Amino acid sequence: MLPSTQRKQRIDELAETGPGPDAGVSLAASAWRRLRRNPVFLVGASIIGAFVLLALSSPLLAQHDPALRLLEDQVSRAQNEIPPPQPGFPLGGDQYGRPFLSRLLLGSQQTLLVAVMATVIGLGGGLTLGILAGAFGGWVDTLVMRVVDVMLSVPSLLLAVSIGALFAQQTQFTVILAVAIVQVPIFGRLLRGSMLAQRASDHVLAARALGVKERSVVFRHMLPNALGPVVVQSTLSLAVAIIDAAALSFLGLGSGDTSVPEWGQMLGSAQNFFDSHPQLAFWPAGCIILVALGFTLVGESLRDALDPKNRR
Amino acid sequence: MALLEVRDLSVSFARKGEPTVTAVDGISFDVQPGRTVGLVGESGCGKSVTSLAIMGLLPRRGTEVSGSVLFEGTDLLGLSQRDIEQRRGRDLGMVFQDPLSSLNPVVPIGLQVAEVIERHRGVPRRAAMSQARELLDRVGIPDPDRRLKEYSHQLSGGMRQRALIAMALACRPRLLIADEPTTALDVTIQAQILDLLTTLVADTGTALIMITHDLGVVAGMCDEVNVLYAGRVVERAERHELFAAPRHPYTAGLMASVPRLDSSGEQRLSPISGSVADNIPWEQGCAFCPRCSNALQLCGQATPEVEHTGDGRLLRCHNPVGEATPISVEGP
């Protein structure tokens, strides 16, 4: 092919990638367009998809009731014996003789519930604080941000532990609440920062110049533009919530009710048998790491996709 | 009666631990209904701050605004936040310099136009959207039905500015402030946008304050021109008179630094040396003195007062151009 026709073709190709395919496409849609081609996102989304699917279908997949001590006769406290893998029980049993695989499968439900609930509550609280501080400014901003600073000055796990310990009786709900409260200042601070950036932006000034009401300026012109970093943070926070919840369970601040399996709690109760039966810790830990990795990968790729620098 | 009377408008910014900066230092001018008034000057001379002060868009904290801005007899500076909010967009419109950053990137264009109409006319969304469609059509955006649903990043620069003009004029304000509306656009688009503004302003009888540093824009559009320097008006005249005979050395300097098609190739452009930042405060003489080619010893010592030179012109200068240097008259 002649060089000149090659060049022409290249220019044509470039021209086609102009406004053409993006016409009539919103910000979210163009972010999605980029995400679909990102292998990091695809891997992360596959992990999360599999995890959610597993959590939803686990009652069907689990062959045994996770609370029943079906293999109790094979447990020996004195000789430190735990039921090995056997027909019908591919991963054997735990230290009480309960079916380990069924517990692992059903544990995904609780883990997902804790992660999502904690993030939703944390996001709700953080959005409220961020909007208050970013929209009003002045002394409201100062007050809110000092509270947030105090909360951020305590290491997050320590804060979660302290909050968890405040409750007389630990249930799954107290775990969720403890993990959620830790997320609140992070979301609050993040949103406040991007709200302030929006407040100083030209389009907010232009909206004000058109007499748009302050409420509308905040909710239609500032908030939607400020949400990008918060969306990214919430996927990352799903991963953190799973790890934090696991840590709480591990430290004995999880749900006291062990008949409902949860990965963190399984990991916690496995610590006494770590020398002799590492598989009891290996499986739940592996699951936690994999799911947290999935959320982190999605979060990172979402961050890239929503980065305004990548927008045309 | 004038539509807008700006009297002794001063704006200064005070930050903790920093000296107070005076951006606008006692500006007065009138805008008659249906007229186009230019505010001309270099960057930093107070043009944009003046317009933001008129619109009440300066941040309240750390800003001191004095003087008065009478709009149809009401002092805009004395209005409550709610009242000025209601007037913006309805009585006063504004078009900004950078059309891309002035549009909300996550709200479709149509909705942004409709929002203004809903706000000030109190009409329901559906009716507002159909009015928005008509407006986009009127400002010359092709295929308005499709554009209504599009986002700012999908529009070209010229179309974005057209959309912003549509928003500013949606409720037929009596005064439109255009703050360098063509600076961010291509030359060909600039002409189109100016043409559009001229037509719309003439059609609706809207008065226009044109803020610009571009004398070409002034020559093409403005009825009356205010030349600003360091926060004060240094010369005011009708357009033709100003271009025919600039009196202030600053005005003359601005004109000499613009290339002209009808000048001979021999003639060189003569820029004004220095920048606004290195001026001296008005209290100690003429602020333009350090850069002025006509400066006398007097200029560095006494502040020139505003002089009405007849025929509606106004001048703030000890030694204007186009006039023999005052020599002591010798007796016979």
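The values are calculated or read from the model by the stated rules, or taken from the named source; none is laboratory data. Nothing here was measured: the structure is a model prediction, and the numbers come from that model. Note that each Cβ is placed from the backbone with ideal geometry, even for glycine, and that neighbours are counted across all protein chains shown.
The set of residues in segment B:100-129 being facing another protein chain (nearest Cβ under 7 Å) and either hydrophobic (A, V, I, L, M, F, W, C) or more than 15 Å from B:Arg162 (Cβ to Cβ) (or both) consists of B:Ser101, B:Leu103, B:Asn104, B:Pro105, B:Val106, B:Val107, B:Glu115, B:Val116, B:Arg119, B:His120.
Taken over segment B:303-320, the residue count meeting the criterion of being part of a loop (DSSP other than H, G, I, E, B), of a type outside the set (Asp, Glu) and at pLDDT 85 or above is 9. For segment B:114-155, give me each residue that is part of a helix (DSSP H, G or I), of a type in the set (Ser, Thr, Tyr) and modelled with pLDDT under 90. Residue satisfying the conditions is B:Ser152 alone. Whether a residue is modelled with pLDDT under 80 and in contact with a Ser or Thr (Cβ under 7 Å, 6 or more places away or on another chain) was assessed, and A:Pro21 does not pass this test.
None of A:Gly211, A:Gly254 is outside any helix (DSSP H, G or I) and in contact with a Cys (Cβ under 9 Å, 6 or more places away or on another chain) except A:Gly211.
One line per residue, one yes/no per condition, for (1) within 11 Å of A:Pro185 (Cβ to Cβ); (2) surrounded by 15 or more Cβ atoms within 10 Å (Cβ to Cβ):
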residue	(1), (2)
A:Gly130	yes, yes
A:Val144	yes, yes
A:Asp149	yes, no
A:Ala160	no, yes
A:Leu166	no, no
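Residue selection: B:Val40 fails the criterion of being over 18 Å from B:Leu208 (Cβ atoms) and crowded, with 18+ Cβ neighbours inside 10 Å.
Let's see how each residue does on (1) in a helix (DSSP H, G or I); (2) at positive phi; (3) in contact with an Asp or Glu (Cβ under 8 Å, 6 or more places away or on another chain):
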position: A:Leu91; (1), (2), (3): no, no, no
position: A:Gln110; (1), (2), (3): yes, no, yes
position: A:Met117; (1), (2), (3): yes, no, no
position: A:Val120; (1), (2), (3): yes, no, no
position: A:Leu123; (1), (2), (3): yes, no, no
position: A:Gly130; (1), (2), (3): yes, no, no
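Scanning segment B:86-99 for residues that are surrounded by fewer than 24 Cβ atoms within 10 Å (Cβ to Cβ), in contact (Cβ under 8 Å) with a residue 24 or more places away in the chain and either more than 7 Å from chain A (Cβ to nearest Cβ) or over 16 Å from the mean Cα position of the chain (by Cα) (or both) yields B:Gln86, B:Arg90, B:Asp91, B:Gln97.
Of all residues in segment B:42-56, those satisfying the criterion of being in a loop (DSSP other than H, G, I, E, B) and under 23 Å from B:Val234 (Cα atoms) are B:Glu42, B:Ser43, B:Gly44, B:Cys45, B:Gly46. Scan segment B:281-302 for residues that are assigned to a loop (DSSP other than H, G, I, E, B) and of a type in the set (Phe, Trp, Tyr) and the total you get is 1. In this structure, B:Val65 qualifies as among the hydrophobic types (A, V, I, L, M, F, W, C), under 20 Å from the mean Cα position of the chain (by Cα), surrounded by fewer than 20 Cβ atoms within 10 Å (Cβ to Cβ) and under 24 Å from B:Ala178 (Cβ atoms).
Going residue by residue through segment B:15-22, is there one that turns out to be away from chain A (no Cβ under 14 Å), more than 29 Å from B:Thr303 (Cα to Cα) and assigned to a helix (DSSP H, G or I)? No, every residue in segment B:15-22 fails to be away from chain A (no Cβ under 14 Å), more than 29 Å from B:Thr303 (Cα to Cα) and assigned to a helix (DSSP H, G or I). Scanning segment A:170-213 for residues that are of a type in the set (Gly, Ala, Ser) and away from chain B (no Cβ under 14 Å) yields a count of 4.
Here B:Pro33 meets each of (1) assigned to a loop (DSSP other than H, G, I, E, B); (2) at pLDDT 90 or above; (3) more than 14 Å from every other protein chain (Cβ to nearest Cβ); (4) surrounded by 15 or more Cβ atoms within 10 Å (Cβ to Cβ) with one exception, condition (4). Any chance segment A:136-143 includes a residue that's outside any helix (DSSP H, G or I) and in contact (Cβ under 8 Å) with a residue 24 or more places away in the chain? Yes, segment A:136-143 contains at least one residue that is outside any helix (DSSP H, G or I) and in contact (Cβ under 8 Å) with a residue 24 or more places away in the chain. Screening segment A:26-67 for residues that are of a type in the set (Ser, Thr, Tyr) and under 25 Å from A:Pro224 (Cα atoms) and picking the one that is surrounded by the most Cβ atoms within 10 Å (Cβ to Cβ) gives A:Ser30.
One residue stands out among those in segment B:166-195 that are among the hydrophobic types (A, V, I, L, M, F, W, C), farther than 16 Å from B:Met55 by Cβ and not in a loop (DSSP other than H, G, I, E, B): the one that is farthest from the other protein chains (Cβ to nearest Cβ), which is B:Ala191.
Which of the residues belonging to segment B:57-85 are without any contact (Cβ under 8 Å) to a residue 60 or more places away in the chain and either under 20 Å from B:Met210 (Cβ atoms) or assigned to a strand (DSSP E or B) (or both)? Across segment B:57-85, the qualifying residues are B:Leu57, B:Thr63, B:Glu64, B:Val65, B:Ser66, B:Thr74, B:Asp75, B:Leu76.
With respect to B:Asp8, is the statement that it is loosely packed, with under 14 Cβ neighbours inside 10 Å and closer than 30 Å to B:Met255 by Cβ true? For B:Asp8, the condition - loosely packed, with under 14 Cβ neighbours inside 10 Å and closer than 30 Å to B:Met255 by Cβ - is met.
Scanning segment A:92-125 for residues that are at pLDDT 90 or above and farther than 20 Å from A:Leu248 by Cβ yields one hit, A:Gly124.
State whether the residues of segment A:145-154 include one that is outside any helix (DSSP H, G or I), more than 27 Å from the chain's Cα centre (by Cα) and either away from chain B (no Cβ under 13 Å) or at pLDDT below 90 (or both). No, that holds for no residue.
Exactly one residue among A:Ser276, A:Ser237 is hydroxyl-bearing (Ser, Thr, Tyr) and either buried (at least 20 other Cβ atoms within 10 Å of the Cβ) or free of Cβ contacts under 8 Å to residues at least 24 places away in the same chain (or both), and that residue is A:Ser237. Within the bounds of segment A:224-242, is there any residue that is in contact with a strand residue (DSSP E or B) (Cβ under 9 Å, 6 or more places away or on another chain) and outside any helix (DSSP H, G or I)? So far as segment A:224-242 goes, no, none of its residues is in contact with a strand residue (DSSP E or B) (Cβ under 9 Å, 6 or more places away or on another chain) and outside any helix (DSSP H, G or I).
Taking (1) surrounded by fewer than 19 Cβ atoms within 10 Å (Cβ to Cβ); (2) over 26 Å from A:Ala115 (Cα atoms); (3) within 14 Å of chain B (Cβ to nearest Cβ); (4) hydrophobic (A, V, I, L, M, F, W, C) in turn, A:Val231 satisfies each apart from (2).
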